[in-house]
Amino acid sequence: MEKLGENETCFPNLPLQGKKMAYHKVSSDQRTQYLDNDDLQVTSLELEWDMEKELEEPGFDHFQMDGTVHQPVETTQNTDIDLELIQPSASPKGRFQRLQEDPDYVSHYTRPPPKSNCCSLRQIFKLFCTAMGLFILGIVIGYYGRAQCPLSPMSSEPNSPHLSQEIVKQIKANELARIFRELIQLHGKEDRDIAMKLLVEWTSYGLEDVQLVNYTVLLDLPGSSPNTVTLKNSRECFYPTGQRCDKETQKLHSQDLLYSYAAYSAKGTLTAEVFDVQYGTAEDLLRIQNLTMVSGKIALLKLGHLPLLYKLSLLEEAGFGGVLLYVDPCDLLEAHNLSSKAFMVSLNSGGDPSTPGYPSIDGSYKQHRSNLTSLLVQPISAMLARKLLSSPEKGGENEACQPLELSAEAERKMLTLNVQSHPTYKTVSNVIGYLKGATLPDRYVIVGSHHSSLHGYNNQQWVHGTAVMTAFIQALMLKVKKGWRPDRTIIFCSWGGSMFGKIGSYEWGEDLKNVLQRNAVAYVDLHDPVRGKAALYSVASPSLQQLATEIRKRHNLSCVGQEKCMASNVSSVQTQGDSDYFINHLGVPAVQFSYQDLTALEAVSFLSEVLFPVHPTALEELDFSFTPHESIAKLSGETILQIATNPVLPFNALDVALEVQKSLQDDGLNVDHLLRMASTLRDSAQLFQSDEMRPANDPKERAPIRVRMLNDVLQNLEKNFLVPQVPPGFYRNILYRLDERKRQFSVLLEAVEDCKLHPSNETLQAATSKVLNSFSAAEVYFKAGLDVFESALEGNV
């Protein structure tokens, strides 16, 4: 290395020399270039530290530093510094580490400690004392602050198996009775008034985020005067109830008469001959069409056995101009004397008719579709149907019920049907309350009931479900206030506009469709949960049947006819209620518990589509003790909590595959490729159940990433069974059967019926293809899930 010289002018003072040498040493360790004096801006403390390191080297045993940080020391004369002596340390370790390694190593210089070190130590000591004081003060403040402040709502205690039972024990029949009687006082109020009452009630219990969500939708309201049926020959005029048209009758029964109509029916007047089509099946239509032309005629149609919208589509296709709907007394419970009562039905399959398939939000395009059918549709009482059929009255009480039908010798009647209604845009309000989850807030367990009520209409059946949900919220929030919180978010929904075709739930679902498709886990339905008090009835998706069965067994429920009550199996059948959108458009697993009369379980299906007027006093007489309400609240509450708190969703994938195989038994179609695909699906589901679900349910083998992937597979499984373009009134989710008596897939049964009316079997082939594609999609879905788990395992190895 070239010497810089011995001239004094090269080194004006010694401290600057020290600075430059120290910098050179540090820079040489970092393999950097020299910097000019102007660029060398090190602080006094840095300079001192670098010089100490230089003094550790053997070539600096003659160097002695004296002075302070802020005052320059006197210049040492005749100083000869050879920079070639400055070499990197032989050991990369520091001085004190070398002392530990070599006991004979002794420093070759002695010097008094610089004054700057003493100042630095004092400053460090002051800082240390200050920090310790602040630290101790913080501990004291935190201790007393924690003792005086309540726990944060986001804190969550572990979810134990007994937690759900602890919460539902707080649900009491007397509290349910109080809530029920408060809600029944809202009889006759507008939809928004009831919604505001619920919002205030839920908020008072501590539910943190309760919203009123409004949609402006097209409702088909009753006209200003009742619809009528007039016999042409005798010119007798009848109201839908069967009473003669006069001002006195209209005054006494104005509301019930006005609301005896079919919402979204065609409007107008039709004079035509009446034909008895019984239940409107394919055989019934073929029988009529073989006798005469039916174009423009009026059909007298019984409700039951098949969805109303499907029957009307067949009658419309056949060419009928009008339809009179009635319920045969033989299909009703003996205790229900409804022969003189008409009813209301909605011809809307779901949502706002003016915004089909998209939400009715501000700025949406409105299609004025006041008529959802070309038929003039009018509900009538069984008493009026008997007059039109010329059927004799029932004899004694012990006489067997004779179904209503037109006898062979009876003359068909000619009548004039007058149907009027008033389409108008109104606001429908949903009440949505959120309880945010602690660990999985982006996974939703949705609980739904409805509060919709027509102003002045005597049907308050909604009070049962709303009272049950409100009581559960009250019990749940008692636990939340103590610091507990479920893992997944629970969303409580009270829907508006349900009587007109599940409008509130459809609009909210369409509004949040993209979010719900990804985040919705399950739907617990509380739609009219108390329709009797003799038997417990359970409907659940195949993946939730096992959970519903286990919860029923855990609750020792008392009901009339205990053996029948507990023997009733959990099934997957179509139901009335706001679960429709979540099952058929989102593929979300759903579950519902309800109390019914024993004979109702054996009655004709699809009678729940009608809305008979029910007075408030009759509602409370249905359950004076409110024990069924309490049982429904506890069953539904435990189901909600199990889904919201279990690390692994309590869904059973194998049950889905087994339900598929059951639906193909004895279908009479002999479709071998469907059977083979169903068998393959069961094998894949069984492998998935054993390889993935069993380890995940073991806490010792439960890895968070595996649990999350497994839950995603279980959550989205039923989406594979949604088929497009089903007949009106049929579920798109083919895992649900039409009723308890029919085991086969509903779309295949309908296709067989269609073959009776049309010579071509294209409908059957198309339906078979839809079912096959859903099997294939589910089977591929299982395999893809297994591949993902295998890849995740390989990545962790």
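Structure summary
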| read-out | value |
| --- | --- |
| Residue, modelled with the lowest pLDDT, within region 247-277, restricted to residues that are buried (at least 21 other Cβ atoms within 10 Å of the Cβ) and polar (S, T, N, Q) | 260 |
| Flag for residue 713 being under 23 Å from residue 643 (Cα atoms) and in contact with a Pro (Cβ under 6 Å, 6 or more places away or on another chain) | no |
| Odd one out for residue 400 among (1) at pLDDT 90 or above; (2) not in a strand (DSSP E or B) | (1) |
| Scan of region 274-309 for residues that are of a type in the set (D, E, K, R), part of a strand (DSSP E or B) and over 28 Å from residue 369 (Cα atoms), ordered by number | 276 |
| Whichever residue in region 285-310 is free of Cβ contacts under 8 Å to residues at least 60 places away in the same chain and under 14 Å from residue 757 (Cα atoms) and, among such residues, is farthest from the chain's Cα centre (by Cα) | 290 |
| From the options 233, 214, residue that is outside any helix (DSSP H, G or I) and assigned by TED's automatic domain parsing to the domain that holds residue 266 | 233 |
| When residues of region 321-342 are limited to those that are at pLDDT 90 or above and assigned to a loop (DSSP other than H, G, I, E, B), the one nearest to the chain's Cα centre (by Cα) | 327 |
| Count of region 648-663 residues which are under 17 Å from the mean Cα position of the chain (by Cα) and of a type outside the set (A, V, I, L, M, F, W, C) | 1 |
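Conditions tested, residue by residue: (1) surrounded by 15 or more Cβ atoms within 10 Å (Cβ to Cβ); (2) modelled with pLDDT under 90.
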site	(1), (2)
163	yes, yes
169	no, no
176	yes, no
201	yes, no
207	yes, no
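The values are calculated or read from the model by the stated rules, or taken from the named source; none is laboratory data. Everything numeric in this text was worked out from a predicted model, so none of it was measured. A quick note on method: Cβ atoms are made from the backbone with ideal geometry, for glycine too, and the neighbour counts reach across all protein chains shown.
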